[in-house]
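Read through the structure below, which is laid out as structure tokens, and then see the notes.
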Amino acid sequence: MDHHQDQRLVAAVAAGDEAAVAQALAAGADPDASAGQLRGSVLSEAAGSGRSGVVRMLLEAGAQLRTVRPHTPSALRAAVVGGHPDVVRELLAHGALAAQPGSTPSALTEAISQTSFQPGPATLQTLRLLLAAGATPGTTEEAPLISAIRRSASPVVLRILLEHGAPVDQRRSDDTPAVVLATRRGDHAAVDVLLQAGADPDARDPRGRTALMHAVERDERRVVAALLLAGAATDAVSPDGMTALLLAQGWQRQTVQFMLGERRVGLDNVQINRTAVELVPTGLRIAGDPQLFRLLASAIDIALDDLGEPEWQARTGRDPEVARAFAQRLRDDVVPAASGSWHELDATVDEFRSARSALAEIAYGTTPVTPDGSSRADIVDLLQELDRQPG
């Protein structure tokens, strides 16, 4: 072992200097030299940096594809994480898949993760290369389609996996179908991809609950719509006697009850067996620019003045005095954020719901006036933006 030449090789690889790499190797440097205590071999270093020419030279000099030292990345995994499809192609051509360690994550699972963490054409190309080469998950890992859904992967990733043979009704290791997993996450895009590819809309989880039942419980209306459009059975009954409609009634999901075909709905106290937990926050923080706070205040005043306090309370279920006081706070109590360029106001949920009710009356109700400088379309957009946010 020539320690001096090994150091020359490490420096040359780090610099991407192919001529210096060739000289060090010719002088006796070890092609499996360590690039650092936790960085793996020089081959892994070159692969992770996307230096395909250096990778080729090291391989021709006999560099090992397997992980030379414990707890360091293999060259293939380093290339996958780095998003370098040219290097991945080179390594695969030299048999890198067969040389992968049994530890997790596997190169394939890592590639799926990278499509979410570092999305771009290179990560998709890398994933395609691995699938075409026959890459498989580790023995303790979930199937690729399940891994992708768990990571909220883009629909294009799911389609690529399906194109390469992933079963559309793939199940997690506990026998939960992919469509149910996507439903529980509220991932309507993933649900749609699966359904369009032929997934069973009535597939049941180990408890006998269908995806529609889970979507209803979680008030995931876009998922409910996708499942119903795909023909999901509304009369399916779980082993514990639940139906989608019963679950909607038990959670008092009035809009979902209409979606399920009901024409008369209320707030009845229906006893059900729940599989979901719903958080009920008591306060929140609103962040934005001062003009947006003034717009919310104006919307409350306009809706209250147009409806009158008795009709406001009857239509919205909100205390008009709380609404009036909140409108004033929206004008007077907004302060600059301590660590940002926006402004903030802490509000109770009841206060915020008053503002939301006012926006809804202007957007969809009979109130004809809009706040100065805004159109009805602007109010609709703002209302939808608020409704998309958690809580």
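Data overview
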{"item": "Residues of the stretch 242-258 satisfying the condition of being closer than 20 Å to R356 by Cβ and surrounded by 16 or more Cβ atoms within 10 Å (Cβ to Cβ)", "result": "W251, R253, V256"}
{"item": "Boolean, H214 is closer than 20 Å to R388 by Cα, touching a helix residue (DSSP H, G or I) at 6+ places or on another chain (Cβ under 9 Å) and touching a residue at least 60 places away in the same chain (Cβ under 8 Å)", "result": "yes"}
{"item": "Those residues of the stretch 97-109 which are in contact with a Lys or Arg (Cβ under 9 Å, 6 or more places away or on another chain), buried (at least 20 other Cβ atoms within 10 Å of the Cβ) and not polar (S, T, N, Q), in sequence order", "result": "A107"}
{"item": "Single condition D346 does not satisfy, out of (1) under 35 Å from the mean Cα position of the chain (by Cα); (2) without any contact (Cβ under 8 Å) to a residue 40 or more places away in the chain; (3) exposed (fewer than 15 other Cβ atoms within 10 Å of the Cβ)", "result": "(2)"}
{"item": "Test: residue in the stretch 2-9 that is crowded, with 21+ Cβ neighbours inside 10 Å, within 14 Å of T72 (Cβ to Cβ) and at pLDDT 90 or above", "result": "no"}
{"item": "Residue match in the stretch 175-188 (condition: in contact (Cβ under 8 Å) with a residue 60 or more places away in the chain, within 18 Å of A276 (Cβ to Cβ) and buried (at least 17 other Cβ atoms within 10 Å of the Cβ))", "result": "no"}
{"item": "Output for the stretch 62-80, where each listed residue is surrounded by fewer than 24 Cβ atoms within 10 Å (Cβ to Cβ) and at pLDDT 95 or above", "result": "none"}
{"item": "Residue match in the stretch 95-105 (condition: under 21 Å from the mean Cα position of the chain (by Cα) and either on the phi < 0 side of the Ramachandran plot or modelled with pLDDT of 95 or more (or both))", "result": "yes"}
{"item": "Test: residue in the stretch 136-144 that is under 19 Å from the mean Cα position of the chain (by Cα) and within 26 Å of A230 (Cα to Cα)", "result": "yes"}
{"item": "Some residue of the stretch 259-275 being part of a helix (DSSP H, G or I) and either surrounded by 11 or more Cβ atoms within 10 Å (Cβ to Cβ) or modelled with pLDDT under 95 (or both)", "result": "yes"}
{"item": "The lone exception for R353 - which of (1) of a type outside the set (A, V, I, L, M); (2) farther than 30 Å from E217 by Cβ; (3) buried (at least 16 other Cβ atoms within 10 Å of the Cβ) it fails", "result": "(2)"}
{"item": "Options A189, A178, A148, A166; residue that is farther than 21 Å from P105 by Cβ and of a type in the set (G, A, S)", "result": "A189"}
{"item": "Test: residue in the stretch 10-21 that is in contact (Cβ under 8 Å) with a residue 24 or more places away in the chain and either among the hydroxyl-bearing types (S, T, Y) or outside the structural domain of L130 (by TED's automatic domain parsing) (or both)", "result": "no"}
{"item": "The listed residue being surrounded by fewer than 22 Cβ atoms within 10 Å (Cβ to Cβ), among the charged types (D, E, K, R) and at positive phi, out of D289, D219", "result": "D219"}
{"item": "Residues that are without any contact (Cβ under 8 Å) to a residue 12 or more places away in the chain and either touching a helix residue (DSSP H, G or I) at 6+ places or on another chain (Cβ under 6 Å) or surrounded by 16 or more Cβ atoms within 10 Å (Cβ to Cβ) (or both), drawn from the stretch 293-311", "result": "E309"}
{"item": "Residue match in the stretch 10-25 (condition: under 24 Å from Q125 (Cα atoms), touching a Lys or Arg at 6+ places or on another chain (Cβ under 9 Å) and not acidic (D, E))", "result": "yes"}
{"item": "Selection within the stretch 45-68 - under 34 Å from the mean Cα position of the chain (by Cα) and farther than 14 Å from H94 by Cα", "result": "E45, A46, G48, S49, G50, R51, T67"}
{"item": "Number of positions in the stretch 276-297 that are within 30 Å of A327 (Cα to Cα) and assigned to a loop (DSSP other than H, G, I, E, B)", "result": "6"}
{"item": "Residue in the stretch 367-377 that is surrounded by 17 or more Cβ atoms within 10 Å (Cβ to Cβ), closer than 26 Å to E220 by Cβ and hydroxyl-bearing (S, T, Y) present", "result": "no"}
{"item": "Single condition P239 does not satisfy, out of (1) loosely packed, with under 12 Cβ neighbours inside 10 Å; (2) under 16 Å from A211 (Cα atoms); (3) in contact with a Leu (Cβ under 8 Å, 6 or more places away or on another chain)", "result": "(3)"}
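Residues are listed down the side, and each one gets a yes or a no for (1) over 30 Å from A132 (Cβ atoms); (2) assigned to a loop (DSSP other than H, G, I, E, B):
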{"site": "S173", "(1), (2)": "no, yes"}
{"site": "G208", "(1), (2)": "yes, yes"}
{"site": "L212", "(1), (2)": "yes, no"}
{"site": "D240", "(1), (2)": "yes, yes"}
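The values are calculated or read from the model by the stated rules, or taken from the named source; none is laboratory data. Remember, predicted model here, so these are calculated numbers, not experimental data. Cβ atoms come from the backbone with ideal geometry, glycine included; neighbour counts cover every protein chain shown.
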